[in-house]
Each structure stands twice: as C-alpha cells, then as structure tokens.
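The values are calculated or read from the model by the stated rules, or taken from the named source; none is laboratory data. Remember, predicted model here, so these are calculated numbers, not experimental data. With ideal geometry, Cβ positions are generated from the backbone for all residues, glycine too; neighbour counts draw on all protein chains shown. These accessible areas exclude ligands, DNA and RNA; they are computed on the full protein's heavy atoms, side chains included. Shrake-Rupley method; radii C 1.70, N 1.55, O 1.52, S 1.80 Å.
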Amino acid sequence: MKCTKCGQPAVINMRQHRLGLCADHFVEWVPQQVQRAIEKYDMFTPEDRVLIAVSGGKDSLSLWDILLRLGYSVEGIYINLGIPHDSYSDVSQQKVEAFAAAHDTPFRVVNVKREYGESIPEVARRKRGRSPCSTCGLVKRHILNEVTLREGFGVLATGHNLDDEAAVLFQNSLHWATGYLARQAPVLPASHAGLARKVKPLIRLYEREMAAYALVRGIDYIYEECPFSRGATTLFYKELLDQLEAESPGAKQQYYLEFLRARADGRLLPADAGKPVLNQCQKCGQPTTAPGTCSFCRLWDVEEAAHEDSNGDS
Ligand code: Q46
Ligand code: ZN
Ligand code: ZN
C-alpha cells in the first residue's frame, strides 16, 4: 500500500476514507481532523485556555500533543486514582510527567488518596455494591469540573475517540437510555454556572488511528489498560463494532456521526430531553440532581455509609 498523497510506503490504510498515508502525511492529517472537529462543533478558539484530562494512555497524550502542535493554549491534569495493580496509577503518572517535561508544558496532579483519604479501590470496597468504575467515573467528573472552574479554564477536553463514543452509543441505544442519548455529545456546554464546558476533540478519529499516531510521534504511553476495565461491557461492544467495521468499512463512523446529525436536527429527541433539574450540593456547592448533598460528597461521608449499610442500601 502506498501513500495516496506522495506514493511513499503507507504506514496506515484507512479503508473508511479510502486513504493510505505515509508517516509524514499521517501526522499532518491527524491534527487536520482534530481541527475540523474543533471548528465544526465550535469547541474552543485559540483565545481559550484549555485544560486536558490526561490518563497516561495513547488518546489523551496524543490529544495533548496535537493541541500543542495546533498552537492552542493547553495544560494537563492527571488524577492519580491510587490503583495499585502493577503500580498502574504511578506508572501512568510517570508517563504524563515525562510527556509534560519533554514538551515543557504545565500540568497538575490530583492524588485522590492524598486529597480525600482513600484511593478509588478503597472507596469502592467500603461502599460495597459500588463498582470501582462507577466510583472512579463519579470522582473524575467531580474533580475535573471543580478544577476547570476554580482555575479559570474556559473548557475541559478529554481524549474520547470515535470507538469510545460509538461503544457508549451502542450501549445507550440497547437500553434506549434517552437521558444519556440526549447528553452524549462532542460538546457539553456550561449550561449551569457550576458546570464547566466539556469537549471531545478526537471524535472523528478511530482508536487504531490514535494508536498509530502515538507510535509514529514516539509518544511513550501506558500500554496496559486499567485492570478494572477487563471484562467491561464497552470492550465487548467495541469488539462487535469492529466486526461490523471489518465487513463494512466506515460503519462505525457512520453510526456515530449520523446519530449526532439526527439528534442535532431534532429527528431523535425533543430539544429539552436529558436536561435534569439541578440543585446545589449543600456541602461542595456543585450542581447535583440530588436534593441535598451530591453523590461525590456522600461518597466520603463515612457516617452516611454506615447508615446506608444498616439499611441494607449499599
Ligand atoms: S480508569 Fe476508572 Fe476507567 Fe479504571 S477504574 Fe474503571 S473508570 S477502567 S476509564
Ligand atoms: Zn505521503
Ligand atoms: Zn457535593
């Protein structure tokens, strides 16, 4: 296979675009795709300060690299979840530190155990019945929202790629979870004073393209997946969608991008679908659908946990 642009040997063949590219043209093409997504969905401008959530994996580190190359003002945040298996969290943090040092770009670390007294696996163990992943998702959402607003960033960017989004869409549509379908978007506006604007600039790119980009750019990322992701249903949905893609190149892209189009045109859901009524958490002040304290604050409330246990409500 030869590069469609210059005839040199191609490093990647993207059947959905009928495009093969050599290393040089591929690392030029990827940021163009990201820039197109940023503009199409009106994500942010060069005047905005962007905070990027980095995990040490290929997607978020590559996104950081791409946004820097595109000239955006971007800083990183790493949340150390305290996952001990094979020093997963500490090794991930080292990858982030190495990237930031090599690119001379600022980042901050929030260490969950140091800040709140327990790591994610420890909280999940205490809150019997809550999975590490749902605990983790809740904690990350809260901290990222809080830091984005407190430090005056205009927007929070995450490294979700098209495969991630298509798998979540598959899961949500299997359950016809209309609330989630309504909120699954490349841009979540700051619809409330306590909510940061959130964007996903990689939604036009397949996972394999991000892996290839990291490789070609020499980005050193953590290859291992988080140990808690093993057996996750979204991984199974990704495999199913990959089978579909192998038979019908472009199917994943069409599935997800057509969903966005249909929803934007109002063909799927009423415009106000998925807009929950928000209250203010009595403890931290962040918006919450709960009437009193938010689920993040309740997570650390040991007295409440004991009460829940005695009620058999884990
Ligand atoms: S980091 Fe956290 Fe993921 Fe690990 S514990 Fe689950 S949610 S799998 S993105
Ligand atoms: Zn080329
Ligand atoms: Zn709270």
Q.
Name the residue that is farthest from ligand 3 (Cβ to nearest atom), counting only residues in segment 54-107 that are of a type in the set (S, T, N, Q) and buried (at least 23 other Cβ atoms within 10 Å of the Cβ).
A. Ser62
Q. When residues of segment 176-230 are filtered for being of a type outside the set (Lys, Arg), open to solvent by 70 Å² or more (accessible area, probe 1.4 Å) and within 16 Å of ligand 2 (Cβ to nearest atom), how many remain?
A. 0
**Q.** Test for Val277: is it within 16 Å of ligand 2 (Cβ to nearest atom) and either of a type outside the set (Phe, Trp, Tyr) or not assigned by TED's automatic domain parsing to the domain that holds Ala124 (or both)
**A.** no
(Q) Quick check on segment 243-257: of everything there that is open to solvent by 50 Å² or more (accessible area, probe 1.4 Å) and in contact (Cβ under 8 Å) with a residue 40 or more places away in the chain, which residue is nearest to Asp163 (Cα to Cα)? (A) Tyr255
Q.
If I filter segment 231-242 down to residues being open to solvent by 70 Å² or more (accessible area, probe 1.4 Å) and not charged (D, E, K, R), which single residue comes out as modelled with the highest pLDDT?
A. Phe236
Q. Name the residues in segment 118-137 that are closer than 16 Å to Ser89 by Cα and in a loop (DSSP other than H, G, I, E, B), would you?
A. Glu118, Ser119
Q. Which residues, counting only those in segment 7-53, are assigned to a loop (DSSP other than H, G, I, E, B), farther than 20 Å from Glu75 by Cα and open to solvent by 60 Å² or more (accessible area, probe 1.4 Å)?
A. Gln8, Val11, Arg18
Q) What do you reckon, is Asp90 within 16 Å of ligand 1 (Cβ to nearest atom) and part of a helix (DSSP H, G or I)? A) yes
Q) Does Glu146 satisfy the criteria of being more than 29 Å from Lys275 (Cβ to Cβ) and either without any contact (Cβ under 8 Å) to a residue 40 or more places away in the chain or open to solvent by 40 Å² or more (accessible area, probe 1.4 Å) (or both)? A) no
Q) What are the residues in segment 258-278 that are within 16 Å of ligand 3 (Cβ to nearest atom) and either in contact with a Pro (Cβ under 6 Å, 6 or more places away or on another chain) or open to solvent by less than 30 Å² (accessible area, probe 1.4 Å) (or both), if any? A) Leu278
Q: Could you grab me the full set of residues in segment 149-163 that are at pLDDT 95 or above and either open to solvent by 30 Å² or more (accessible area, probe 1.4 Å) or in a loop (DSSP other than H, G, I, E, B) (or both)?
A: Leu149, Arg150, Glu151, Gly152, Phe153, Thr158, Gly159, His160, Asn161
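Using the structure shown, decide if Val112 is within 19 Å of the chain's Cα centre (by Cα) and in the same structural domain as Lys140 (by TED's automatic domain parsing).
yes
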Q: Mind listing just one residue for me: the one in segment 227-256 that is of a type outside the set (Phe, Trp, Tyr) and touching a Leu at 6+ places or on another chain (Cβ under 8 Å) and, of those, nearest to Gln93 (Cα to Cα)?
A: Ser229
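Okay, residues lined up against (1) away from ligand 1 (no atom under 16 Å from the Cβ); (2) within 16 Å of the chain's Cα centre (by Cα):
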| site | (1), (2) |
| --- | --- |
| Arg128 | yes, no |
| Gly137 | no, yes |
| Glu165 | no, yes |
| Leu169 | yes, yes |
| Ala177 | yes, no |
| Ser191 | yes, no |
| Arg204 | yes, yes |
| Tyr213 | yes, no |
| Arg217 | yes, no |
